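Take a look at the structure below.
What follows is calculated from the coordinates using simple rules that are stated; it is not laboratory data. All of these numbers come straight from a predicted model, not from anything done at the bench. Don't worry about glycine lacking a Cβ; one is built from the backbone with ideal geometry, like all the others, and counts go over all protein chains shown.
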Amino acid sequence: MLRVGVLVSGGGTNLQAIFDAIDSGKIRGAKVEVVISNNSGAFALERARQKRVEAHCLSPKSFPDREAFNQALLEMVDSFQLDLIVLAGFLVTIPAAMIRKYRNRIINIHPSLIPSFCGVGYYGLKVHEAALARGVKITGATVHFVDEGVDSGPILLQKAVEVKEGDTPQVLQRRVMEEAEWVILPKAIDMIANGEIPLGM
Ligand code: GRF
């Protein structure tokens, strides 16, 4: 059984897609051992509790400095002996020590077709605003391994989504989630759990 930890900051619809995929058998051989958020108000924590999965909040604000927070985050992750760490809308920079220790064991979902609309400053609605401003006809989502850069690690899965006439950033964001993010993030976890995507170095 692949031991998975999910890091979240917000609503947790991607987390929910993971839970649903485990329940329906779309993800085989993986279990979510813990959900960790930097934000105590994240609805994702409530989703975890409803599934009786351990849910923890670790806020940078409750530590004297970033170094102390980074260390606590790494210690918490280590304590669950995870095989895979999934960033599902986690808006905190992953500490360098954690990237080193979990090289090619941390995956992220980004709501565009990398290398378009990614990197510093491209998160949440901003990604979709930029796609609409550029006038692209196709956008999508990407699952990638996390390295030291921003959205720069090896790409694992991508799925294209059509941009439609009259789309607002909110409408496009929703379509990208429904048609791409909630599909390829569970799929990547299933493929990893079943040896179709190799983990680690
Ligand atoms: C998603 O758009 C994801 O691509 C991005 O953050 C958002 C998280 O949404 N990284 P949710 O919390 O899973 O609903």
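The distance linking segment 1-46 with segment 125-201 is 17 Å (Cα centroid to Cα centroid, whole angstrom).
Given a cut-off of 22 Å, name the pairs among LYS126/LYS159; LYS51/LYS187; LYS101/LYS187 whose C-alpha atoms lie farther apart than that in the structure shown. Mind dumping the intermediate values first?
On the way: LYS126/LYS159 19 Å; LYS51/LYS187 20 Å; LYS101/LYS187 24 Å.
From LYS126/LYS159; LYS51/LYS187; LYS101/LYS187, over 22 Å: LYS101/LYS187.
Taking every DSSP bridge with both residues inside the chain, close to 40 percent are antiparallel. Computed 3J(HN,Hα) for segment 112-119, one whole-Hz value per residue from the Karplus formula 6.51 cos²θ - 1.76 cosθ + 1.60 where θ = phi - 60°, is 7, 8, 4, x, 7, 6, 9, x, glycine and proline marked x.
Using the Cβ-Cβ distance between ARG3 and VAL136 with R0 set to 45 Å, the FRET efficiency from 1/(1 + (r/R0)^6) comes to roughly 0.75.
For the pair SER59 and ARG174, the difference between a 0.36 nm per residue extended length and the Cα-Cα distance amounts to 38.6 nm.
Within a Cβ distance under 12 Å of ALA180, other residues only, what is the Lys/Arg minus Asp/Glu net charge?
Working: positive: LYS159, ARG174, ARG175, LYS187; negative: GLU162, GLU178, GLU179, GLU181.
My count for the surroundings of ALA180 gives 0.
The calculated pair-distance distribution of segment 13-126 uses every alpha carbon pair, bins of 10 angstrom beginning at 0, and gives 12, 41, 38, 9, 0 percent. Temperature 25 °C, viscosity 0.890 mPa s: under these conditions the Stokes-Einstein estimate for the chain, based on its Kirkwood radius over C-alpha pairs, is 144 µm² per second.
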